[in-house]
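*Asks:* Sharing a structure with you now.
The values are calculated or read from the model by the stated rules, or taken from the named source; none is laboratory data. Just so it is clear, the structure is predicted and the values come from calculations on it, not from any experiment. Positions of Cβ are backbone-derived with ideal geometry, glycine not excepted, and every protein chain shown enters the neighbour counts.
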Amino acid sequence: MNEENPKVRPLEAFPVQISGREMIGIKDPTGISPDVIFVPLEAFFLISMMDGTNSLRDLQAAYMRKYGQLLFSEKLEELIEQLNSHYLLENNRFRDQLRRLQGEFKEAKIRKAAFAGKGYERDPERLKAQLREYFIGDEGPGLPEKEGAKKEVRGIVAPHIDFARGGTCYAYAYKALGESIGADLYMILGTCHTPMEKPFAFTLKAFETPLGETEVEEDLIEEVAQQLPFDPFLDEFSHRHEHTIEFQLLFLQFLWGGEKDFKIFPILCGSFQGMIQRGISPMEDPLYQESISILKEALSQLPHISIIASADLAHVGPQFGGAQTVTSGVLVKTKVEDLEMLKYVEQLNGEGFYQFILRERDRRNICGLPPIYALLSLIRAQKGELLRYQQWHDPHGIAAVTFASMAFF
């Protein structure tokens, strides 16, 4: 090892209990490293100090100050090697792996399922049974009615939380979509959980899941890309490991597989944090405003399109940088604030929705802000309707996530 001043990459960390011992799970949100590693609290303390400015001696000294024990060089190097072997350090080994994966993804014609066997069942029949249960389970809305009058659902908001926590909530949005006349094209607006250089990221790759392969609307995507004032394929690699579009596609395939041909226009939406810090609206940003205008004009030519915003809501508690433990009172307060915020979405008031979050300085970490705002800027609808609101919270009060399903008519 030659990591004199080791620097860890931006990672996600979360507390876990393993055999009664408190540990920290560490994962790479980009998927460059596909594995989650678990380390004791003492090791996590050292990792938190690996910012590229501290030498090995600095780390040993900090460990001695905190724990009153000598940290042998061999133990520290063992930890660094563990991080290095998983591409979690900012170094040449990681950069070589990143270039290799970027090259492979660029050449691929298909965006392979990234979470099959991890986020959901890999076997197609077991996966269908899993998705079906979210509709017919005790809290589910029931399967879509195939008979009766159909209305046009112009769009939906559905969660992107993992299915174990929010599968039932997805079902409410997709029941409404399944009882509609359907669409020839679904624009899926997904939150991107990793940094992007531009407001939107496109891809021309077909999406593959255990339920089959779904084509993108290549002609439309290329037409829009040529008009945009930036290259929407610059951040295309973000699609490789982002789950927010993949999870929505599974439900679309479950609803329409074998019944109706459809294509998708998958778009990842970049963060609004820079605009929030500056105190401006996205529509005050010329690049974003022009992009929305071009997308809206392109969609206006299509008679049967539905827009899906893949969006969770609040992320509160210490795991997400909050100072306060999540109590029942915090959950009640968060629900009140969420429902007030969602009134603007029901009214198709994108600017009101954004300003509500801006006034809070996004202290509740609304990670679905960009896709919901984009949906409200693009959709041709008369009204929205909240179908389901849910909260998940960690039993130890470390974190809570809220999410909802909505339909637009």
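*Asks:* Looking at the stretch 95-111, which of its residues are surrounded by 15 or more Cβ atoms within 10 Å (Cβ to Cβ) and within 19 Å of Gln253 (Cα to Cα)?
*Replies:* Arg111 - this is the single residue of the stretch 95-111 that is surrounded by 15 or more Cβ atoms within 10 Å (Cβ to Cβ) and within 19 Å of Gln253 (Cα to Cα).
*Asks:* Which helices (runs of 4 or more DSSP H) sit wholly inside the stretch 27-91 and have at least 3 residues that are assigned by TED's automatic domain parsing to the domain that holds Gln17 and over 30 Å from the mean Cα position of the chain (by Cα)? Walk me through how you get there before you give the answer.
*Replies:* Values: elements: 41-48, 56-67, 73-85.
Once the helices (runs of 4 or more DSSP H) in the stretch 27-91 are filtered for at least 3 residues that are assigned by TED's automatic domain parsing to the domain that holds Gln17 and over 30 Å from the mean Cα position of the chain (by Cα), what remains is 56-67, 73-85.
*Asks:* Please pick out the residue among Leu143, Leu177 that is farther than 22 Å from Gln391 by Cβ, out of contact with any Asp or Glu (no Cβ under 6 Å at 6 or more places or on another chain) and not in a loop (DSSP other than H, G, I, E, B).
*Replies:* Working: Leu143 fails: not in a loop (DSSP other than H, G, I, E, B).
Going through Leu143, Leu177 in turn, the sole match is Leu177.
*Asks:* Can we say Leu342 is touching a residue at least 60 places away in the same chain (Cβ under 8 Å), surrounded by 13 or more Cβ atoms within 10 Å (Cβ to Cβ) and closer than 20 Å to Glu385 by Cβ?
*Replies:* Values: touching a residue at least 60 places away in the same chain (Cβ under 8 Å): yes; surrounded by 13 or more Cβ atoms within 10 Å (Cβ to Cβ): yes; closer than 20 Å to Glu385 by Cβ: yes.
Considered against the rule, which asks whether it is touching a residue at least 60 places away in the same chain (Cβ under 8 Å), surrounded by 13 or more Cβ atoms within 10 Å (Cβ to Cβ) and closer than 20 Å to Glu385 by Cβ, Leu342 comes out as yes.
*Asks:* Now a separate question. For the stretch 380-397, enumerate the residues that are part of a strand (DSSP E or B) and of a type in the set (Asp, Glu).
*Replies:* At the first step, the residues of the stretch 380-397 found to be part of a strand (DSSP E or B) are 384-393.
Of everything in the stretch 380-397, just one residue is part of a strand (DSSP E or B) and of a type in the set (Asp, Glu), namely Glu385.
*Asks:* I'd like the full set of residues that are touching a residue at least 60 places away in the same chain (Cβ under 8 Å) and more than 24 Å from Lys333 (Cβ to Cβ), limited to the stretch 371-384.
*Replies:* Those that are touching a residue at least 60 places away in the same chain (Cβ under 8 Å) and more than 24 Å from Lys333 (Cβ to Cβ): Pro371, Ala374, Leu375, Ser377, Leu378, Ile379, Arg380, Ala381.
*Asks:* Kindly establish whether Gly321 is touching a helix residue (DSSP H, G or I) at 6+ places or on another chain (Cβ under 7 Å) and either on the phi > 0 side of the Ramachandran plot or surrounded by 20 or more Cβ atoms within 10 Å (Cβ to Cβ) (or both).
*Replies:* On the way: touching a helix residue (DSSP H, G or I) at 6+ places or on another chain (Cβ under 7 Å): no; either on the phi > 0 side of the Ramachandran plot or surrounded by 20 or more Cβ atoms within 10 Å (Cβ to Cβ) (or both): yes.
No, not satisfied.
*Asks:* Could you please find all residues in the stretch 211-238 being among the polar types (S, T, N, Q) and either free of Cβ contacts under 8 Å to residues at least 24 places away in the same chain or in contact with a Gly (Cβ under 8 Å, 6 or more places away or on another chain) (or both)? So that I can check it myself, show each step before the final result.
*Replies:* First, pick out the residues of the stretch 211-238 that are among the polar types (S, T, N, Q): 214, 226-227, 238.
Within the stretch 211-238, Gln226 is the sole residue that qualifies.
*Asks:* Given (1) more than 22 Å from Ser238 (Cα to Cα); (2) in the same structural domain as Lys27 (by TED's automatic domain parsing); (3) surrounded by 15 or more Cβ atoms within 10 Å (Cβ to Cβ), where does Gln130 come up short, assuming only one miss?
*Replies:* (2)
*Asks:* Mind listing whichever residues of the stretch 243-260 are free of Cβ contacts under 8 Å to residues at least 60 places away in the same chain, at negative phi and part of a loop (DSSP other than H, G, I, E, B)? Please lay out each step first, then the result.
*Replies:* Narrowing the stretch 243-260 to residues free of Cβ contacts under 8 Å to residues at least 60 places away in the same chain: 253, 257-259.
Within this subset, residues satisfying the condition of being at negative phi are 253, 257, 259.
Residues satisfying the conditions are Gly257, Glu259.
*Asks:* Taking only the stretch 64-86 into account, find how many residues are touching a residue at least 60 places away in the same chain (Cβ under 8 Å) and not polar (S, T, N, Q). Can you show your working first?
*Replies:* From the stretch 64-86, those touching a residue at least 60 places away in the same chain (Cβ under 8 Å) are 77, 80-81, 83-84; that's our starting set.
Among the residues that remain, those that are also not polar (S, T, N, Q) are: 77, 80-81, 83.
Adding up the residues that qualify gives 4.
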